[in-house]
1. Given Lys18/Lys53; Lys18/Lys157; Lys19/Lys53, which pairs have Cα atoms separated by over 29 Å?
2. Before anything else, pin down the relative contact order of segment 57-124: Cα pairs under 8 Å, at least 6 apart, normalised by residue count, whole percent.
3. Give the aspartates and glutamates whose C-alpha is closer than 16 Å to that of Lys2, dropping any in the same chain fewer than 8 places away, or say none.
4. Would you compute, from DSSP H runs of 4+ residues alone, the mean residue ellipticity of the chain at 222 nm, taking -39500 (n - 2.57) per run and dividing by the full residue count, rounded to the nearest 500?
5. Once each part is reduced to its C-alpha centroid, what is the distance from segment 1-45 to segment 103-125 in angstrom?
6. What percent does the relative contact order of the chain come to when contacts are Cα pairs within less than 8 Å and at least six residues apart?
7. Karplus couplings for segment 147-163 from phi (6.51 cos²θ - 1.76 cosθ + 1.60, θ = phi - 60°), rounded to Hz, Gly and Pro as x?
8. For the chain, what % of the accessible area comes from carbon and sulfur atoms, probe 1.4 Å?
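The values are calculated or read from the model by the stated rules, or taken from the named source; none is laboratory data. Since this is a predicted model, take the numbers as computed values, not measurements. The area values use the complete protein model at the heavy-atom level, side chains included, leaving out ligands, DNA and RNA. Shrake-Rupley method; radii C 1.70, N 1.55, O 1.52, S 1.80 Å.
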Amino acid sequence: MKKVAIIMGSDSDFPVVKKAVDMLDQLGIPREVRVLSAHRTPAEACEFAASAKDNGFGVLISAAGMAAHLGGVLAANTTLPVIGVPIKGGAMDGLDALLATVQMPSGIPVATVALNGAANAAVLAAQMLALSDPELAAHLEAMREEMRQTVLEKDRKMQEQCQ
């Protein structure tokens, strides 16, 4: 199975990123977690992205706040899918990170999830990998069915409570 890289611009992003780590672990997807900055370690970030495919990665998840250029820097240096997680905070409470992550130039996309949406980034990465991994696809389908059953049970209890 291909690995997923989770790259954050600062270790202060880890409380958000941990949700992606936990989700990938739950799904049994190998992952590597790194701190690389688009601004403070640009050469290392570029090198990581450029060699990611050869190093067994299938998807990169990028988490960054404020200027949030990390996803774009990674995407500019690989043809692997990059998923951006804009981190809440700063003067604009994450709006700047969201816009910096989602507003990429034509030809260099960064798929973008919600502010602090690291768990969904992991699920999206898993869905991408599942395109060529039937076992992972089945695991995702089972997870969806479990969510469905949970909601139906809550609905049943609500109906009982409100009758």
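1. Where the Cα-Cα span goes over 29 Å, the pairs concerned are Lys18/Lys157.
2. Relative contact order here is 34 percent.
3. List returned: Asp25, Glu32, Asp54, Asp133, Glu135.
4. The helix-only estimate for the chain comes to -16000 deg cm²/dmol at 222 nm.
5. Here the two parts' Cα centres lie 13 Å apart.
6. RCO, the chain: 22 percent.
7. Values per residue, Gly and Pro as x: 4, 4, 5, 4, 5, 4, 5, 5, 4, 4, 5, 5, 4, 5, 5, 9, 9 Hz.
8. 56
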